[in-house]
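First the structure, in the form of structure tokens, and then the observations on it.
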Amino acid sequence: MCYIKRHTKTMIGENMRKKLIAGNWKMNMLQADGTALACEIVQKCRGDLPFDVLVCPPYTLLSQVVEAAQGSKMMVGAQNVTNTAKLFGAYTGEISAIMVKDMGATHTLVGHSERRQMYGETDAIVLEKASNAIRDGLTAVICIGETLQERDSGRALDVVTAQINGSVPKIATDKNCVIAYEPVWAIGTGKVPTNEDVAEVHQAIRMELTKLLGATLADKMRILYGGSVKPSNAAELLGIQNVDGALIGGASLKSEDFWAIAETQL
Ligand code: PGA
């Protein structure tokens, strides 16, 4: 078994938004490596930490990673849930939010751009997934972000605000929902937007959430940045206003890199 840690809250501006450092393992890791990675991260989560830690392994590792996380504050999430409102039934290959919850996970990603692009997930589908996740007691990490073409044509803000409107359920709160802004062109490419661009989009997201959910909830909701976050750029990205954490892909597969990112917030 791994380790126990405690969290404290950090003051960010006028808000109490604790940063969330989240790893998206994507379709990686077999049993032995995945369990080892989870245990290494749990071992590093010692003492009082001013941020939350979440890892999202593939379904096949959820059980082991939840077990490794027992007694620690490392949170575990899935990477996807079904969009059907049914809890169970004839949906071959699908996994419902209640099943993920039953595994001991607390979160799930929904609407990651790889799912939007490769598996045809529309805002309407992402909305259904997020609604099911929330209904069944998970925190939905709703991913949004523009393509390079959309950015180059000056439509980045329109795209992300439309995605917020289309895929964030009205029942979303700061407790059951996190937004992850991930420019599609920054994912796995080593490219990151300028600080100004990140700040502009995050502010626009916060404003759209305010329209959708009201200022009180919108102020408390965490908005993560994702896309080529690594130890060398994490401090800068996480220091930008309205950036309340990071969703990390490639660099979350090595505990040293994942933790080096988290440690920038100590
Ligand atoms: P990356 O992926 O950190 O490898 O760019 C981020 C993500 O897809 O969530």
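Read the figures in this text as sums done on the coordinates, not as results from a lab. Treat the numbers as computed from the prediction; the structure is a model and nothing was measured. Cβ: placed from backbone, ideal geometry, glycine included. Neighbour counts: every protein chain shown.
Yes or no: the stretch 155-162 includes at least one residue that is of a type in the set (Lys, Arg) and in contact with a strand residue (DSSP E or B) (Cβ under 8 Å, 6 or more places away or on another chain). Even if it seems obvious, please write down each step before you answer.
Kept after step one, since they are of a type in the set (Lys, Arg), are these residues of the stretch 155-162: 155.
Subset that is in contact with a strand residue (DSSP E or B) (Cβ under 8 Å, 6 or more places away or on another chain): none.
Looking through the stretch 155-162, none of the residues is of a type in the set (Lys, Arg) and in contact with a strand residue (DSSP E or B) (Cβ under 8 Å, 6 or more places away or on another chain).
Could you check how many residues of the stretch 104-114 are closer than 20 Å to PRO183 by Cβ and in contact with a strand residue (DSSP E or B) (Cβ under 8 Å, 6 or more places away or on another chain)? Write out each step before concluding.
Looking only at the stretch 104-114, we keep the residues that are closer than 20 Å to PRO183 by Cβ, and these are 109-114.
Still in the list and also in contact with a strand residue (DSSP E or B) (Cβ under 8 Å, 6 or more places away or on another chain): 109-113.
Adding up the residues that qualify gives 5.
(1) away from the ligand (no atom under 15 Å from the Cβ); (2) touching a His at 6+ places or on another chain (Cβ under 8 Å): which one isn't true of TYR181, the others all being true?
In the conditions (1) away from the ligand (no atom under 15 Å from the Cβ); (2) touching a His at 6+ places or on another chain (Cβ under 8 Å), TYR181 misses (1) alone.
Please identify the pairs in which a residue from the stretch 60-86 that is on the phi > 0 side of the Ramachandran plot and among the aromatic types (Phe, Trp, Tyr) has its Cβ atom under 6 Å from the Cβ atom of a residue that is part of a helix (DSSP H, G or I) and surrounded by 20 or more Cβ atoms within 10 Å (Cβ to Cβ), counting only partners at least 6 apart or on another chain.
So the pair list comes out empty.
When the stretch 226-249 is examined, which residues are found to be within 19 Å of MET75 (Cβ to Cβ) and near the ligand (Cβ under 10 Å from one of its atoms)?
Once the filter is applied, which keeps residues that are within 19 Å of MET75 (Cβ to Cβ) and near the ligand (Cβ under 10 Å from one of its atoms), the stretch 226-249 yields GLY226, VAL229, ALA246, LEU247, ILE248, GLY249.
Can you tell me how many residues in the stretch 244-264 are surrounded by 24 or more Cβ atoms within 10 Å (Cβ to Cβ) and aromatic (Phe, Trp, Tyr)?
The number of residues fulfilling the criteria is 1.
Go through the stretch 225-239 and give me each residue that's within 17 Å of CYS143 (Cα to Cα) and polar (S, T, N, Q).
Scanning the stretch 225-239 gives a single hit, SER228.
In the stretch 250-266, which residues are more than 10 Å from the ligand (Cβ to nearest atom) and under 15 Å from the mean Cα position of the chain (by Cα)?
PHE258, ALA262, listed by residue number.
Could you pull out every one of the strands (runs of 3 or more DSSP E) wholly within the stretch 22-119 that has 3 or more residues that are surrounded by fewer than 19 Cβ atoms within 10 Å (Cβ to Cβ) and within 16 Å of the ligand (Cβ to nearest atom)? It would help to see each step written out before you state the result.
Values: elements: 47-49, 51-56, 75-78, 107-110.
Fully inside the stretch 22-119 and qualifying: nothing.
If the Cβ limit is 7 Å and pairs must be 6+ apart or interchain, which residue in the stretch 174-186 that is farther than 13 Å from LEU209 by Cβ and aromatic (Phe, Trp, Tyr) pairs with which residue that is within 13 Å of the ligand (Cβ to nearest atom) and not in a helix (DSSP H, G or I)?
Short answer, once both residue conditions are applied: TRP185/LYS191.
Run down LYS101, LYS129 and say which single residue is touching a strand residue (DSSP E or B) at 6+ places or on another chain (Cβ under 7 Å) and not polar (S, T, N, Q).
LYS129
Only one of (1) surrounded by fewer than 24 Cβ atoms within 10 Å (Cβ to Cβ); (2) in contact with a strand residue (DSSP E or B) (Cβ under 6 Å, 6 or more places away or on another chain); (3) free of Cβ contacts under 8 Å to residues at least 40 places away in the same chain is not met by VAL229, so which one is it?
VAL229 satisfies every listed condition except (1).
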